[in-house]
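Here the structure is laid out as structure tokens; the discussion comes afterwards.
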Amino acid sequence: MNTSTLIAPPALVRRAEQQDTQAIQALDSAHYIHPFTDHAGLASRGARVITHADNIYVWDSEGKKILDAMSGLWCVNAGYGRKELADAAYQQMMTLPFYNSFFNTTNVPAVQLAAKLATLAPKVGERSFKHVFFSSSGSESNDTNVRMVRRYWDLLGQPARKVIISRENAYHGSTMAGASLGGMSGMHAQGDLPIPNITHIHQPYFAENGKAGESRADFGVRAARWLEEKILAIGAEKVAAFIAEPVQGAGGVIIPPETYWPEIQRIVDKYGILLISDEVICAFGRLGHWFAYEKFGYKPDLVTFAKGVTSGYIPLGGVMVGNRVAEVLIDKGGEFNHGYTYSGHPVACAVALANIELIEREGLVQRVRTDTGPYLAECFESLNAHPLVGEAQSCGFVAGMSLVRHKPTQAAFDPDLGVGMICRAHCFNNGLIMRAVGDRMIISPPLVMTRAQIDEMMALIRRCLDATLADLRAQGALA
Ligand code: PXG
């Protein structure tokens, strides 16, 4: 097809809902390479065109209203359509749309945001967070972590401490370092990853790695000790840091047993290893706390953030740098040869400040912790009675459930059946965005979601599970 005739003038493109969906789809497949997408496969189906959004709903170009139980991509914590955030961006763009923080300069929103984040990050034991490094994404922030951690050990005269230990099925981004830190084998297979000196241990996922008859609590301790085994196998004098998500998000909302994090803390303390908490998904109220390490009671040295800091309205990420690392970098470090054009971008920082103010004003963190989070847990865990559900569990405002072929034994479906994809298709058709990771169905709703909206979402989830079950019964796929 000659797509050049389909290129619309900018004024028309601005309101995509007025466009012919097929024309947009043709332009899309002609020019736009999507993230993590089989380009040819998508071209044959045509992308769904999302045109506008409000509160917890998005609309597509056919006028279909969809309840977005994924907050975009785990990020729209404050919900869609928040005028305060648009106003903050507008005002900052008119005042100072950009200036860099290199060459001994700074800008007011970046300074104010760094100071605000320092007040939000709770002190744990002797660890506090007074300093922040800014980037534009979670991936860039984790690249920063790799550079900072290695610089830290160099400055302390231990340059052999290079190895960073992560976990299988972790997600830490898509740059060379981010994808290497991540434990997704499909990503490592493309591009000769991981880069050197990054290694992985098993994830604390009971359904996959637990033993028959083992309690979840015992499993949590055993899973944490995989870290100790790895440290000893490498030699503690070569290990720089351990990085982990408080709750694994993209891996399928894997919530560790309560015994996991305390044992991890014991091990990193014993061997003097830095602890990096990747809270790109879990911070800014997602687990009912500003930062998730507080919920689990561990003491990270570096905390990665992005997504919810601006509720996804504009790209911003960063690293909270704890006093242990900051004191070495600042007192002994001289110049740290690292930074991005958009480190401390004034507009992104102004939007983040407005977003944090809004979340504080509406008490969303507290609400998730004491009201809507526990209510979601009660509703979501009731799905455990559904014949298709192996285990349904939530933590704050993330939740996941496995779909299983045989409930009593938790036996999985043949992956070729694509059960998660069947369920996801029913969700779209019924006006619900729920994500599938293999045969795990996961949600991460906007924090503004009310109890009534949780009921509305649960009714849709049940309808989609029933429709999936009916399909599988018709195929004779159940045990
Ligand atoms: N760390 C964690 C824990 C993340 O979840 C990143 C780092 C990277 O952030 P950026 O901003 O560079 O994308 C993420 C991102 C999914 C999905 O399919 C999840 C993410 C990104 C894209 C898709 O669930 N998380």
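The values are calculated or read from the model by the stated rules, or taken from the named source; none is laboratory data. These figures come from a predicted structure and were not determined experimentally. No Cβ is skipped: glycine too gets one built from the backbone with ideal geometry, and neighbour counts run over all protein chains shown. Areas reflect the complete protein model, heavy atoms only, side chains present, ligands, DNA and RNA absent. Shrake-Rupley method; radii C 1.70, N 1.55, O 1.52, S 1.80 Å.
Hey, can you find the accessible area per residue of segment 88-361 for me, probe 1.4 Å, expressed in square angstrom?
39 Å²
What's the extension gain from Lys65 to Phe36 if we count 0.36 nm per residue and subtract their Cα-Cα distance?
On the way: separation 29, 0.36 × 29 = 10.44 nm, distance 2.48 nm.
Between Lys65 and Phe36, full extension yields an extra 8.0 nm.
Once every DSSP H run of n ≥ 4 in the chain is given -39500 (n - 2.57) and the sum is divided by its residues, what mean residue ellipticity at 222 nm do you get, rounded to the nearest 500 deg cm²/dmol?
About -12000 deg cm²/dmol.
Return a whole-number percent for the relative contact order of segment 88-361, with Cα pairs under 8 Å and 6 or more residues apart as the contact set.
This gives 29 percent for segment 88-361.
What residues qualify as long-range amide H neighbours of Gly317, i.e. H under 5 Å apart, gap of 5 or more or another chain, H built at 1.01 Å from N?
Excluding prolines and chain starts, which carry no amide H, the hits are Ser135, Ser136, Ser137.
Percent antiparallel among DSSP beta bridges with both residues in segment 88-361, to the nearest 5?
Counting DSSP beta bridges with both partners in segment 88-361, the antiparallel share is about 45 percent.
So how do 120-128, 139-147, 372-380 stack up, highest first, on mean other-Cβ count within 10 Å?
Details: 120-128: 15.2, 139-147: 25.1, 372-380: 18.7.
Sorting 120-128, 139-147, 372-380 by mean packing, highest first, produces 139-147, 372-380, 120-128.
Please give the Cα centre distance for segment 312-364 versus segment 396-452, rounded to the nearest Å.
Here the answer is 33 Å between Cα centres.
Counting other Cβ atoms within 10 Å, keep those with at most 15, restrict to DSSP loop, and tell me which chymotrypsin sites (Phe, Trp or Tyr not before Pro) in segment 52-137 are left.
Sites meeting the loop and neighbour criteria: Phe98, Tyr99, Phe102, Phe103.
For the charge dipole of the chain, defined by +1 on Lys and Arg C-beta atoms and -1 on Asp and Glu C-beta atoms about the Cα centroid, which residue among Ala26, Gly334, Gly191 has the Cα displaced farthest towards the positive pole?
Gly334
Counting other Cβ atoms within 10 Å of each Cβ, which chymotrypsin sites (Phe, Trp or Tyr not before Pro) in segment 137-186 have at most 12 and sit in a DSSP loop?
Passing both the DSSP loop test and the Cβ count: no residue.
What is the magnitude of the charge dipole of the chain about its Cα centre, with +1 placed on the Cβ of each Lys and Arg, -1 on the Cβ of each Asp and Glu, and no other charges, expressed in debye to the nearest 20?
Dipole of the chain, to the nearest 20 debye: 400 debye.
When the scattering of the chain is computed by the Debye formula from its Cα atoms alone, each counted once and equally, what is log10 I(q)/I(0) at q = 0.07, 0.10 Å⁻¹?
Computed log10 I(q)/I(0) values: -0.38, -0.80.
Rounding to the nearest 20 debye, state how big the charge dipole of segment 261-419 is about its Cα centre with +1 on each Lys and Arg Cβ and -1 on each Asp and Glu Cβ.
120 debye
For the pair Asn209 and Ala189, what calculated FRET efficiency results from E = 1/(1 + (r/R0)^6), where r is the Cβ-Cβ distance and R0 = 22 Å, to the nearest 0.05?
So, using R0 = 22 Å, E works out to roughly 0.50.
Please identify the trypsin sites (Lys or Arg not before Pro) of segment 243-295 that satisfy two criteria: DSSP loop assignment and at most 15 other Cβ atoms within 10 Å. Which are they?
In loop regions of segment 243-295 (DSSP not H, G, I, E or B), there are no sparsely surrounded trypsin sites (Lys or Arg not before Pro).
Please give the charge dipole size of segment 327-397, origin at the Cα centre, charges +1 on K and R Cβ atoms and -1 on D and E Cβ atoms. Round to the nearest 20 debye.
Here segment 327-397 has a charge dipole of around 100 debye.
How large a share of the accessible area of segment 111-200, in percent, is made up of carbon and sulfur atoms when the probe is 1.4 Å and the other protein chains stay in place?
Taking all protein chains in place, segment 111-200 shows 55 percent carbon and sulfur surface.
Using packing as a proxy for protection, rank 332-338, 160-166, 243-249, 363-369 so that the peptide with the highest average count of other Cβ atoms within 10 Å comes first.
Final packing ranking: 243-249, 160-166, 363-369, 332-338.
Can you run phi through the Karplus equation (6.51, -1.76, 1.60; θ = phi - 60°) for segment 356-368 and list ³J(HN,Hα) in whole Hz, with x for Gly and Pro?
With the stated coefficients, segment 356-368 comes to 5, 4, 5, 5, 5, 4, 8, x, 5, 5, 4, 4, 5 Hz.
At what distance in angstrom do the alpha carbon centres of segment 57-112 and segment 205-266 lie from each other?
First find each Cα centre; the distance between them is then 35 Å.
Quick one: compute the contact order of segment 307-447, relative version, from alpha carbon pairs under 8 angstrom and 6+ residues apart, as a percent.
Numbers: 154 pairs, mean separation 22.4, N = 141.
Relative contact order here is 16 percent.
What is the chain's relative contact order, in percent, from Cα pairs under 8 angstrom and six or more apart in sequence? Could the numbers behind the result be given before it?
Details: 905 pairs, mean separation 89.0, N = 479.
Relative CO of the chain lands at 19 percent.
To check you understand DSSP bridge types, tell me what percent of the beta bridges within the chain (both residues inside) are antiparallel, rounded to 5.
Beta bridges within the chain, antiparallel portion: roughly 70 percent.
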